[in-house]
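Values in this text are rule-based calculations from the coordinates and carry no lab data. Please read these numbers as outputs of a predicted model, since none were measured by experiment. Heads up, the Cβs are rebuilt from the backbone with ideal geometry, glycines too, and the neighbour counts pull from every protein chain shown.
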Amino acid sequence: MEIGDPETLEDGDLEEDPASALQTLVDLTAGRVTPVRTLRSRYRLVRELGAGTYGRVLLARPRRGGPAVALKLLPRARASRPAFLREFCVGRCVSCHPGLLGALAPPLQSPRHYAFAQEYAPCGDLSGMLEAG
């Protein structure tokens with residue numbers, strides 16, 4: 001058996017290598033990105049929660065109501081659409097784990113940003129809560 005070769009399992013499902021499975025999800029999700037004129041049309045942006053090399057995370061409240069979310073923004077000038085879709089799909093895949101924050105659909109695309117919402121953790125992340133040493 002070669003790595004990456006489909007193999008019939010006992011239940012009849014085909015085994016797929018993780019990279020191929022992720023690419024399948026990215027391909028399926030690509031057609032489900034919601035275009036918006038501005039992110040403010042969907043969310044009331046409250047404040048910045050953090051920033052990194054690839055983008056920013058903002059505390060946001062959905063305009064249609066509901067709990068606050070962490071809105072992850074990736075500037076289109078620096079992030080490729082495939083990279084954004086991979087990040088969103090990985091987030092969705094691990095969302096079912098009770099110890100991880102969920103990525104919420106749908107992913108959005110404005111003229112300046114790619115964006116998706118995640119559950120908001122009001123106490124911060126785990127690394128921020130741990131003491132050094």
(message) Being assigned to a helix (DSSP H, G or I) and over 8 Å from the mean Cα position of the chain (by Cα) is the filter here; which residues of region 87-103 pass it?
(response) Cys93, Val94
(request) Confirm whether Arg63 is under 15 Å from the mean Cα position of the chain (by Cα), under 16 Å from Val36 (Cα atoms) and surrounded by fewer than 17 Cβ atoms within 10 Å (Cβ to Cβ). (result) no
(request) Identify, from the list Ala79, Ala83, Ala121, Ala117, the residue that is in a loop (DSSP other than H, G, I, E, B) and under 21 Å from Asp27 (Cα atoms). (result) Ala79
(message) Going by what's in this entry, would Pro106 be described as surrounded by fewer than 18 Cβ atoms within 10 Å (Cβ to Cβ), outside any helix (DSSP H, G or I) and without any contact (Cβ under 8 Å) to a residue 60 or more places away in the chain?
(response) no
